[in-house]
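The values are calculated or read from the model by the stated rules, or taken from the named source; none is laboratory data. What you see is a predicted model; the values in this text were computed from it and never measured. Because the Cβ atoms are built from the backbone with ideal geometry, glycine has one as well, and the counts that use them run over all protein chains shown.
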């Protein structure tokens, strides 16, 4: 529902800009949470593409920067809540990695709001939808990334 | 749940009940009635189209009536099996006008209204009763108005309200007006610890205090603007590892007030629907009338309504509360009067999650003695492996999933797009790709087109990848060359209102999947040998139980005890509550059983070093070295030695529970100062060294029942007894009943607060009196006493815990005890694979809980050493030595101790990852500064290729 509202808003306010967002989701919590959203038929914004990793700790600053370099308008990294990590402390390492990524993104002169770290559990299907909707809305407000040289034309 | 459902050796029979049991341990015949589901488990894919079409809406039991479900439904989102059931009571098909909507919506013809109950007979070796509990029906207490007033909820209802997947999506709203309440009152012990007519149960339900504490923290998290919360309680029973610390953290919330007192009644303001709570403050005596926006009743647990029927089938007795009777002669909480039938969880009384989990593993260990061993996995048919060295030849298979995918996504557009992608040589579609026909299509086309990569655009790899991998393997294609694209759960289902945009997304996802598939490499499962023996460290009750369980399963066991005799702390005890078992007799029996068994017993032996990893540990002891496959650590804990509290060092008659136990053990009489002419007086002081942030912040859990046990014994000898306490925490099995018995015997219980500690004074070498502020009277009471007994808690055994921490790398918590893998779900496991914990080494426990953990640890260890080899999942991390500069960062961050630095030629070092220990999370690969570590199946190439496929628009 929230997705639909933001979408209509988007169409009137920011004509034509459809953000390209890469979302890294850990296998055990966030990817499973996205599946739960499906089972519950939660409706949310489609303007993101998921890449599954086993743990949020697998995602390096390099991955995030590569996505931005290739023109992604935003990058989301999503893992398990603290204490829930399938690999005990992988998500804590994800935080450390993400802090480094943030510093690099700032150094590059990009808006750090283009990248986000979130925790979504396997049960939180609704939350997954909310996280995506919120992030899509934020990136839509920020507009195309300055590195997005080839805005994708929708067929 | 999903793990159990998917396990090859577990057959889950839901919607079924045991109706008859014949035979004896090792050869039971169980008759099970499988009630009709009216939906075929085999045919149903759980797609949910029938649910959408069903016109009947009824209250949802899982949401405690707060949400709705249809007449055809899945009980909850992650239910196993992933299928539906028809509620015939509400279904319209039994009406004179047959609805049949579900039948016409199901493309798989899975719905069968002629389904009937079937009885099946199973040959089983043992039976485990794990039937849980029912929630106390709070409407039985009319003065609380549950069911009458809109804004009086039960704790179970609040659980659903707070849940993100619940009826309000985690938003706290008053049922009367859907507004966020500004104030909430939690009322404890509803239906528990009852007295009189509206009593409910007399026992303590154990989990409700922590449940309320947790809910207060969650409420604040969900609704930061909450103004006030109250918890009305009798004793706040935060008795469990880490519970007291958690409770104290909640006390730091300025919005939360704990009030000692049991409300007498609850009323409703008819206009505002506010809730009015009438309560007398037990500390000040003040009677107040409190208006809150919402009240939550902490309803307790009662015995499952199914217990009497099941008890009859099993031939077991129930106790006075309706729970299954435990056979206490073994001291174990798992045994019943019948051999081969075991209890766990709330079937035998109220337990919290971690104890239930430990008991479940323990019951499994007990049962294993009577269970048939499964034959070793059949050798897979040898098939010639498909050569993948050449160019990738990708086959793309598109699943319609009935109309779940095809009803939203434009499959022909996806097909067209797939055909344009590099290396794609065939594109096929199927109505249900996971069906036998669908899998047959995958295999047929793979052979026909000599495919060496297979991509399926269907549902989620989390449930269906194993099916596809199996099919690939059957025809000789390495299963790791299969890639799944999730276009249902994460696309068609969640963007069904925007089919065109959803198709765009699916096209992108498909392109990403094909790109990744082109970079997939075959991976092979390695197997490592397992040494089929177990080391048990510590010969106390937990260790002896673990060793005996393992030995009974025919496993070679080394039991190492540092003292010269077995029994540990059991040797210092007299009677063990609640069954009044003689501790020395229990110790003697266990000692005899151990010595009569084939256990390699090593007393007066110290562990000197342990190296290696799961399946292959090298142990050296003062009595020689040996190899084992798994280790159970059961070294126990120490009793806190008071450091001068209450004159412990000054006066000879100020002693600890332990010292009193020794006096009672030797059957010495407690004498009064007057030399036996008048009855003696003993004053107990609880929480000495416990619940004190400067000493041991935690609650030791066993001291309250210990004091009660001793108080009853003394009272029976005619001694006057007073117990000075902060909260009486009698939470274990039957402990509340003992507390009640002690009060009936005339033991005085007086509460003190940490701000106003009792004062002990005396003369010469003896303490003579105790002064305490009686809170309700607001007066100092002076009690002349002959003995002061300090209830000293438990602290870690520094020496052995410290040494084993070094050898085994098990982390220690803030309290100094070993940390479990998961506080709730892994109470006997550690982060070091193959190493398990039992008893007090992970935190204070009583005898029954220690025994349950001993059995549980045995089950876990047996699961490892009952195989000659273990197959290792190949999706691990490996090091490319030429890139490694031996910085050691991977060694530092890995929680599983998989990487280590090894010497290579030329005196150089490189990191090496032990494949047996690596779990494949890939964190080290992301951490490695030189990129020397490769996370197999999630390599840089594979991840990059997906991003490139998505973001690079090809000209």
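When we screen B:495, B:464 for residues that are under 30 Å from residue B:406 (Cα atoms) and within 27 Å of the chain's Cα centre (by Cα), the only hit is B:464.
Looking at B:59, B:8, just one residue is outside the structural domain of residue B:404 (by TED's automatic domain parsing), under 28 Å from residue B:165 (Cβ atoms) and either free of Cβ contacts under 8 Å to residues at least 12 places away in the same chain or part of a strand (DSSP E or B) (or both), and that residue is B:59.
So, in segment B:927-949, of the ones that are surrounded by fewer than 20 Cβ atoms within 10 Å (Cβ to Cβ) and away from every other protein chain (no Cβ under 11 Å), which residue ends up farthest from residue B:874 (Cα to Cα)? Taking the candidates together, the pick is B:930. What do you reckon, is residue B:12 in contact with a helix residue (DSSP H, G or I) (Cβ under 7 Å, 6 or more places away or on another chain) and at positive phi? Here the answer is no, as residue B:12 does not meet what is asked.
Among the residues making up segment B:291-321, a single one is in a strand (DSSP E or B), surrounded by fewer than 20 Cβ atoms within 10 Å (Cβ to Cβ) and in contact (Cβ under 8 Å) with a residue 60 or more places away in the chain: B:291. Restricting attention to segment B:697-730, the residues that are over 16 Å from residue B:664 (Cβ atoms) and surrounded by fewer than 23 Cβ atoms within 10 Å (Cβ to Cβ) add up to 6. Of the strands (runs of 3 or more DSSP E) lying entirely inside segment B:767-859, the ones with 2 or more residues being more than 30 Å from residue B:285 (Cα to Cα) are found at B:787-792, B:794-796, B:835-837.
A search for C-beta distances below 8 Å between a residue of segment B:841-863 that is farther than 21 Å from residue B:816 by Cβ and assigned by TED's automatic domain parsing to the domain that holds residue B:700 and any residue that is in a helix (DSSP H, G or I) and modelled with pLDDT of 95 or more, counting only pairs 6+ apart in sequence or on different chains, returns nothing.
Criterion applied to B:847, B:864 was being in contact with a strand residue (DSSP E or B) (Cβ under 7 Å, 6 or more places away or on another chain), under 20 Å from residue B:569 (Cα atoms) and at pLDDT below 95, and the one residue passing it is B:847. Evaluated against (1) assigned to a loop (DSSP other than H, G, I, E, B); (2) within 20 Å of residue B:594 (Cβ to Cβ); (3) in contact with a helix residue (DSSP H, G or I) (Cβ under 9 Å, 6 or more places away or on another chain), residue B:531 falls short on exactly one condition, (2). Taking the criterion of being touching a residue at least 12 places away in the same chain (Cβ under 8 Å) and within 14 Å of chain A (Cβ to nearest Cβ), the residues of segment B:146-197 that qualify are B:159, B:160, B:161, B:162, B:165, B:166, B:167, B:168, B:170, B:171.
Write out, first by first residue and then by second, each pair whose Cβ atoms fall under 8 Å of each other, whose residues are 6+ apart or on separate chains, and whose first residue, in segment B:528-543, is free of Cβ contacts under 8 Å to residues at least 24 places away in the same chain while the second is part of a strand (DSSP E or B) and buried (at least 24 other Cβ atoms within 10 Å of the Cβ). Qualifying pairs under 8 Å: none. Of the strands (runs of 3 or more DSSP E) lying entirely inside segment B:553-622, those carrying at least 3 residues that are over 16 Å from residue B:540 (Cα atoms) and in contact with a strand residue (DSSP E or B) (Cβ under 9 Å, 6 or more places away or on another chain) are B:607-613, B:616-621. Residues that are touching a helix residue (DSSP H, G or I) at 6+ places or on another chain (Cβ under 6 Å), modelled with pLDDT of 95 or more and either at the interface with chain A (Cβ under 8 Å from one of its Cβ atoms) or at positive phi (or both) are absent from segment B:911-918 altogether. In the set B:833, B:820, only one residue is within 30 Å of residue B:372 (Cβ to Cβ) and either buried (at least 17 other Cβ atoms within 10 Å of the Cβ) or not assigned by TED's automatic domain parsing to the domain that holds residue B:898 (or both); that residue is B:833. Condition (residue is in contact with a helix residue (DSSP H, G or I) (Cβ under 6 Å, 6 or more places away or on another chain), in contact (Cβ under 8 Å) with a residue 12 or more places away in the chain and within 26 Å of residue B:921 (Cβ to Cβ)) applied to segment A:103-114: is it met by at least one residue? Yes; the residues of segment A:103-114 include at least one that is in contact with a helix residue (DSSP H, G or I) (Cβ under 6 Å, 6 or more places away or on another chain), in contact (Cβ under 8 Å) with a residue 12 or more places away in the chain and within 26 Å of residue B:921 (Cβ to Cβ). Which residues, counting only those in segment B:62-92, are touching a strand residue (DSSP E or B) at 6+ places or on another chain (Cβ under 8 Å) and more than 14 Å from chain A (Cβ to nearest Cβ)? Result: B:64, B:65, B:66, B:71, B:72, B:85, B:86, B:87, B:90, B:91. In segment A:120-136 there is at least one residue that is assigned to a loop (DSSP other than H, G, I, E, B), under 14 Å from the mean Cα position of the chain (by Cα) and buried (at least 24 other Cβ atoms within 10 Å of the Cβ).
Of B:235, B:215, all but one fail to be crowded, with 16+ Cβ neighbours inside 10 Å, part of a loop (DSSP other than H, G, I, E, B), modelled with pLDDT of 90 or more and within 28 Å of the chain's Cα centre (by Cα); the exception is B:235. Just for segment A:42-64: of the residues that are touching a strand residue (DSSP E or B) at 6+ places or on another chain (Cβ under 7 Å) and more than 7 Å from every other protein chain (Cβ to nearest Cβ), which one is surrounded by the fewest Cβ atoms within 10 Å (Cβ to Cβ)? This residue is A:52.
Highlighted here are the helices (runs of 4 or more DSSP H) found entirely within segment B:393-505 that include at least 1 residues which are within 14 Å of another protein chain (Cβ to nearest Cβ): B:411-419, B:461-474. Looking across segment A:93-107 at every residue that is crowded, with 16+ Cβ neighbours inside 10 Å and under 16 Å from residue B:889 (Cβ atoms), the one that is farthest from the chain's Cα centre (by Cα) is identified as A:93. If only residues of segment A:75-85 that are surrounded by 17 or more Cβ atoms within 10 Å (Cβ to Cβ) and outside any strand (DSSP E or B) are counted, the one that is farthest from the other protein chains (Cβ to nearest Cβ) is A:80. Determine, yes or no, whether residue B:587 is over 25 Å from residue B:668 (Cβ atoms) and either touching a helix residue (DSSP H, G or I) at 6+ places or on another chain (Cβ under 7 Å) or surrounded by fewer than 16 Cβ atoms within 10 Å (Cβ to Cβ) (or both). When the stated conditions are applied, residue B:587 does not pass them. Being surrounded by fewer than 20 Cβ atoms within 10 Å (Cβ to Cβ), without any contact (Cβ under 8 Å) to a residue 24 or more places away in the chain and closer than 23 Å to residue A:30 by Cα is the requirement here; does residue B:501 meet it? The answer is yes for residue B:501. Looking only at residues in segment B:860-883 that are in a loop (DSSP other than H, G, I, E, B) and in contact with a helix residue (DSSP H, G or I) (Cβ under 9 Å, 6 or more places away or on another chain), the one that is nearest to the other protein chains (Cβ to nearest Cβ) is B:875.
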